[in-house]
Amino acid sequence: MTAKNTANPVISVLMPCFNGARWVSESIDSVLKQTFTDLELIIVDGGSTDGSVDIIQDYIKRDARIVLINRPGLGLSASLNLGIESARGEWIARLDADDIAEPERLALQLQATLENPQLVFLGTGLTEIDEHGRLGKSFIYPQETDRLLNNLVRFKRFPPHSSAFYLTDVVKKAGGYRTEIKRAEDLDLWLRLSELGALGSIPQCLVRYRKHTGQISNFEAGTPQVIDARVAVVGYWLRQRGAPDASRFDHPRYLDFRAFVTQQYQSYFRRHIARDQLTARFSGKRSKWTLLWSLLKLCFTQPSFVFWLVDFQLFGERIAPKVAQQWLSAQTAQGEAR
């Protein structure tokens, strides 16, 4: 582990890396070229075998603000927690080793937090890029806490993990990332941060988010990763009701709770699979009339599915509070039966 400078920077940029040699140079360059320069870049490498570490060490020779931590086999959440514990900055800015930060990202995020001291989390919009850096779609997210929180609990669009900017002491108070919530560790942490302060997002695209074949991009209904996200949200609603948080791994009924949530969401998972299949089937159709006719037939043959699809597109998933209440009712009934 490379020694740190003695002076504390304002911002610690936290970048996990595992076999990221193809794009890590672009990501590092985007941090070192920030207009705000009072920063450190903490890179936690999870055991890369593709030359990533050599690339990072070469950068360290040129810029003392870079800190490399080698910890093979930790996993994403544990690697991020290690970086958080090592961070000296008041704020932590996340960036993945295949994404790019626009030059003014950190300056604008820091300025926004000075203007709104209630913020504990601040995201930004994004611009998609492909494997070759070609620009794709852009997305802007709500700025207000209430709207962002609504998007979180209903699985609607939320600022990307690579745009996250959060207070170091508050994220430590929240307990950092939970290793039992895999592939939804960011959603889970944002929910817990929302209980400690305000969420926000800058209405500018300050991160280039790379889409490539190595990512898990499909819904993959029923997989542990998708279930983790539902476990996290239902756990949030339990906390809102003042009930014990069964989504915590140290809760004595955690495994029962996870199985309960999975069972309650089965119909939603099946509908998500049907939605993905429908999208794939229509993606190759070019005639709007063919598409319209297919949709009309679907309205007559599967009206309940069409109603759910429209409702989901407009409002997102809305059953988590109900699942939380069902869990509490089941626990009460079991307690009375004993």
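The values are calculated or read from the model by the stated rules, or taken from the named source; none is laboratory data. In this text the structure is predicted, and so the values were computed from the model without any measurement. Reconstructed Cβ throughout: ideal geometry from the backbone, glycine too, with neighbour counts over all protein chains shown. Calculation scope for accessible area: heavy atoms of the full protein, side chains included, ligands and nucleic acids excluded. Shrake-Rupley method; radii C 1.70, N 1.55, O 1.52, S 1.80 Å.
What to note about this one:
- Largest-first principal axis extents of the Cα set of the chain (Å): 65, 61, 43
- GNM on the chain, alpha-carbon springs under 10 angstrom: the most fluctuating residue among 174, 246, 107 is 107.
- Nearest-20 debye value, the chain charge dipole, Cβ charges on Lys, Arg, Asp, Glu: 1340 debye
- Apportionment of accessible area to carbon and sulfur, the chain, percent (1.4 Å): 53 percent
- Accessible surface, per residue, of the chain when the full set of protein chains is kept, probe 1.4 Å, Å²: 49 Å²
- Per residue, the convex hull volume that the Cα atoms of the range 132-171 enclose (Å³): 111 Å³
- Between the range 46-118 and the range 128-157, the alpha-carbon center distance in angstrom: 21 Å
- Proportion of all alpha-carbon pairs of the range 14-60 beyond 18 Å (%): 22 percent
- Given 211/297; 33/137; 172/322; 61/156; 211/322, the pairs whose alpha carbons are separated by over 32 Å: 211/297; 61/156; 211/322
- Pairwise alpha-carbon distances in the range 92-227 exceed 23 Å for 32% of all pairs.
- Sites counted here are GluC sites (Glu not before Pro) in a DSSP loop (not H, G, I, E or B) having no more than 13 other Cβ atoms within 10 Å; the longest part of the chain that contains none of them is 196-338.
- Antiparallel content of DSSP bridges confined to the chain, in %, to 5: 30 percent
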